[in-house]
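Contents: one structure, followed by commentary.
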Amino acid sequence: EVRAGFDRRIARTDFIDTYDRFLANSEFTARWVERLWKRHADVLYPPVRPSVVPGAKRPLILTLGRFFDPERGHSKKQLDLVEAFIELEDDPIAQDWVLAVVGGCDAANREYALAVKRLARGHRIAVHVNAPGERVTELLGQTSIYWHAAGLGEDAERHPEKFEHFGIALVEAMAAGAAPVVHGAAGPGEIVRPGIDGFHWNDRAELLGHTRRLIADADERELVGGAAVRRSSEFGADRFSHRLLDMVAHDSRSIDA
């Protein structure tokens with residue numbers, strides 16, 4: 001379904017000339033607007049209104065996102081992250097750490113979510129499918145490290161729809177003070193500045209290397225988490241409103257001229 005929608009937007013371009021301006025939710029999306037529709041797009045990151053503030057942290061790694069089978073499009077690759085944590089949990093440095101996999105799921109993707117649950121069984125991994133909002137809020141506040149894997153193993157040239165175009169859940173986790181370790185592509189690669197307010201990874205070895213580093217150094221974990229909170233404010237509603245109003249004012253001046 002995702003691919004079909006993408007194909008329609010390539011095949012049907014008659015609407016393009018009815019628009020004066022294009023806005024994209026990330027640099028990644030803007031580049032594809034240029035490639036597919038031959039139009040420049042200004043970047044306007046969507047507003048994120050986090051409902052969670054940093055709480056008392058515990059040895060918790062969290063990944064948050066809907067369960068989508070990779071064959072159906074925009075998978076968050078929870079199965080890959082569970083496999084990575086199973087490798088990590090054998091390391092004495094991570095003996096007190098747990099992984100929480102949280103996300104919604106519909107009937108079409110039920111088998112993928114069940115596969116994640118089956119793989120997690122017997123490990124320090126809790127899989128929360130369609131968890132109530134109160135539970136999600138509680139876990140976000142407690143999270144020390146946030147994992148993100150959308151786009152892992154995919155080809156951005158052939159399947160850009162399988163990547164995270166922005167990353168609202170990521171910004172929410174950063175606002176809650178989690179140190180993010182994200183697949184360094186598309187939206188998350190723009191949001192997280194490596195070595196400042198998080199880390200990028202491209203394969204499991206890098207994911208586990210950055211994670212072990214944060215686990216081993218509580219001071220660095222706290223510093224990165226604090227920087228993540230500050231970075232998240234750059235994607236808030238106020239910043240969005242100011243940017244949008246500036247764009248509208250600029251367009252109005254152009255019309256008057």
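The values are calculated or read from the model by the stated rules, or taken from the named source; none is laboratory data. These numbers were taken from a predicted model, which means no experiment stands behind them. Positions of Cβ are generated from backbone atoms using ideal geometry, with glycine treated the same way; all protein chains shown enter the neighbour counts. The protein model used for the area step is the full one, side chains on, heavy atoms only, and it has no ligands, DNA or RNA in it. Shrake-Rupley method; radii C 1.70, N 1.55, O 1.52, S 1.80 Å.
Summary table
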| read-out | value |
| --- | --- |
| Segment ASP91-GLU157, length gained on full extension (0.36 nm per residue, minus Cα span) | 20.1 nm |
| The stretch 94-205 - Rg (one decimal) and Dmax (whole number), Cα, Å | 14.6, 40 |
| Choice from THR13, THR211, THR137 with maximal GNM fluctuation in the chain (Cα, 10 Å cutoff) | THR13 |
| Accessible-area value, LYS117, 1.4 Å probe, nucleic acids and ligands omitted, Å² | 80 Å² |
| Choice from ARG121, ARG66, ARG49 showing the highest fluctuation, given a GNM over the chain with Cα pairs closer than 10 Å | ARG121 |
| Solvent-accessible area per residue for the stretch 173-216 (1.4 angstrom probe, square angstrom) | 30 Å² |
| For the stretch 121-165, accessible area per residue (1.4 Å probe, heavy atoms of protein chains only), Å² | 46 Å² |
| Net charge contributed by nearby residues that have their C-beta within less than 15 Å of ARG121 (K/R +1, D/E -1) | +1 |
| Long-range amide H partners of ARG39 with built H, under 5 Å | GLU34 |
| Of LEU119, GLY141, LEU99, farthest towards positive along the dipole that unit charges on Lys, Arg, Asp, Glu beta carbons give the stretch 1-143 | GLY141 |
| For the stretch 12-72 versus the stretch 137-211, the gap between their alpha-carbon centres in whole angstrom | 13 Å |
| Carbon and sulfur %, accessible surface of the chain computed with the full protein complex present, 1.4 Å | 51 percent |
| Most mobile of ALA24, ALA108, ALA41 in a GNM of the chain (Cα contacts under 10 Å) | ALA108 |
| Global form of the stretch 171-227, assessed from the alpha-carbon gyration tensor, a/c cut-off 1.5 | oblate |
| Radius 12 Å from Cβ of ARG39, net charge of other residues (Lys, Arg +1; Asp, Glu -1) | 0 |
| Size of electric dipole in the stretch 124-256: Cβ of Lys, Arg +1 and of Asp, Glu -1, about Cα centre, debye, nearest 20 | 300 debye |
| Dipole in debye (nearest 20) - the chain, about Cα centre, beta carbon charges: Lys, Arg +1; Asp, Glu -1 | 380 debye |
| Karplus (6.51, -1.76, 1.60) ³J(HN,Hα), θ = phi - 60°, over the stretch 168-178, in Hz, Gly and Pro reported as x | 5, 4, 4, 5, 4, 5, 5, 4, 7, x, 7 |
| Shape category assigned to the stretch 48-104 from the gyration tensor of Cα positions, a/c cut at 1.5 | oblate |
| For the stretch 121-217, share of DSSP beta bridges that run antiparallel, in % to the nearest 5 | 0 percent |
| Reachable lysines, given that their alpha-carbon falls under 26 Å from the alpha-carbon of LYS117 and they are not under 8 places away in the same chain | LYS57, LYS76, LYS77, LYS162 |
| Solvent-accessible area of GLU138 with every protein chain in place, 1.4 Å probe, in Å² to the nearest 10 | 90 Å² |
| For the chain, calculated [θ]222 nm from helices alone, where every DSSP H run of n ≥ 4 adds -39500 (n - 2.57) | -13500 deg cm²/dmol |
| Positive dipole terminus of the stretch 41-192, leading residue within GLY55, VAL171, GLY187 (C-beta point charges) | GLY55 |
